[in-house]
Amino acid sequence: MIKFTLPLAILVLMMSSCGSDESESKDLDEAKVTAEKEAKPSRKRSRRSRRDSLYSEVTPMVSRTKTSAKPVSKKDGINLSYYPSGKVKSEVFYKNGKKNGSGKWYFESGQLKYEGNWKNGKQDGVEMAYFASGQLKQEAYLRDGRAQGIYKEYSQTGELLIHMKYENGELIDLK
C-alpha cells in the first residue's frame, strides 16, 4: 500500500505545484504590465505645478533641442521660419543673439497660434495662446521668464475654465 501511496502523493504534489507556477507566472505578467504603466512618464501636467510659460506648449521640444556642430552666428533683427507650404510659421525678434521683443507663431492656416514678449532672452509680459479658430485659449503674465500674476484658460466657446494666480512661477491661488 505504501508503494502506491508515496508515488500518488508525489504526483499530487507535482500537479498542485504546476498550477501555482502558472498562476504565479500570470501574477508576474500582470505585475510587469502594471510596472510598465507606472514607469511611463505622463505628459499631463498637474494644474498645481510650476508654470513658466505657454511657449513650451506651442513649440515642440524637438525643434528647441536641435544642436549644431557649427558655431551659430548671433542673430539680430527678425527671424522668420516657414511651413513646407511656404506660409509663415513664426516671427521672432532677436538682439545680440537673444530673443528680444515680440514673437508670434502661426497655424499653417495663417491664424495666430501664440504671441509673447521677451527681454534679453527671457519671457516678460503677457503671452497668449489661441485655438485654430482664433478664439483665445490661454493668457498668462510673466516676469523674467517666470509666471507672475493671473493665468487664465478658456474653452473653445470662450468659457473661463481655469483661473490661477502665480508668484515667481509658484501657484498661490486657484479659483
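The values are calculated or read from the model by the stated rules, or taken from the named source; none is laboratory data. Because the structure is a prediction, the values reported are computed rather than measured. No Cβ is skipped: glycine too gets one built from the backbone with ideal geometry, and neighbour counts run over all protein chains shown.
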Query - Unmet criterion (only one of (1) exposed (fewer than 14 other Cβ atoms within 10 Å of the Cβ); (2) out of contact with any Ser or Thr (no Cβ under 8 Å at 6 or more places or on another chain); (3) at pLDDT 95 or above) for ILE172 - result: (3)
**Report entry** Subset of the range 99-110 (residues that are assigned to a strand (DSSP E or B) and either hydroxyl-bearing (Ser, Thr, Tyr) or closer than 18 Å to MET164 by Cα (or both))
**Finding:** SER102, TYR106
Query raised in the report: What pairs can you find where one residue is in the range 163-175 and at negative phi and of a type in the set (Val, Ile, Thr), the other is assigned to a strand (DSSP E or B) and surrounded by 13 or more Cβ atoms within 10 Å (Cβ to Cβ), and their Cβ atoms are less than 9 Å apart, with a gap of 6+ or different chains?
Result: ILE172/MET164; ILE172/LYS165; ILE172/TYR166
**Report entry** Residues that are assigned to a strand (DSSP E or B), over 24 Å from the mean Cα position of the chain (by Cα) and closer than 20 Å to GLY125 by Cβ, drawn from the range 78-97
**Finding:** ILE78, ASN79, PHE93, TYR94, LYS95
Report summary line: Counted residues in the range 116-152 being among the small types (Gly, Ala, Ser), surrounded by fewer than 16 Cβ atoms within 10 Å (Cβ to Cβ) and in a strand (DSSP E or B) come to 2
Query - Selection status of LYS113, in a strand (DSSP E or B), over 25 Å from ARG143 (Cβ atoms), within 25 Å of the chain's Cα centre (by Cα) and modelled with pLDDT of 95 or more - result: no
